[in-house]
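Take a look at the structure below.
The values are calculated or read from the model by the stated rules, or taken from the named source; none is laboratory data. These figures come from a predicted structure and were not determined experimentally. Quick reminder, even Gly has a Cβ in these numbers, built from the backbone with ideal geometry, and neighbours come from all protein chains shown.
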Amino acid sequence: MLGENSLERLSVGLALRQPQLQEAMMTFQVEANRRQAVRHPASLVLIIQPVAGGHEAAGEPLHAVSLDLSQSGLRFCCDRPLLTDLAIVSIQAAEHELVVRLLAQRIRCRRNGPLFEIAVKFVEKLSTPLDLPTTDGATSSP
């Protein structure tokens, strides 16, 4: 079961479009671990950009909250399904600053009450905080 902090982050990511989502998060069903890497519970604000094979955006981004994170993948919930096989996952800090962007492959996407439970496997790291542009357009990498 997710705590109050998780619900607050979910409401930020989903902009309280549907009040019943908060109630649904309290009853979200959890299944057994299938990953070889250890899962760590994590409530992170995510932006998931579905992409086509050439890494071009394919539709509107999804706003989501993570359920757990491992070295090899991520499981999150969202009010819409991920319809493409690949997506760019942007993990954000509480202040909505980009932390890291990863290319991920969809492993599972299924309805769980009014939400969708989505699992992805990390394929490639696209950027880290050091790779991000600064205000003058240069990157902050050494």
* Does the stretch 15-32 include one or more residues that are touching a Pro at 6+ places or on another chain (Cβ under 7 Å), at pLDDT 50 or above and either surrounded by 18 or more Cβ atoms within 10 Å (Cβ to Cβ) or within 16 Å of N112 (Cβ to Cβ) (or both)? -> no
* If you take the residues in the stretch 86-136 that are at pLDDT below 80 and β-branched (V, I, T), which one is farthest from P41 (Cα to Cα)? -> T135
* **Filter result (among the hydroxyl-bearing types (S, T, Y) and part of a strand (DSSP E or B)) within the stretch 98-130** => S127
* Among the candidates L82, L74, residue that is touching a Pro at 6+ places or on another chain (Cβ under 7 Å) and either among the aliphatic types (A, V, I, L, M) or surrounded by 15 or more Cβ atoms within 10 Å (Cβ to Cβ) (or both) -> L82
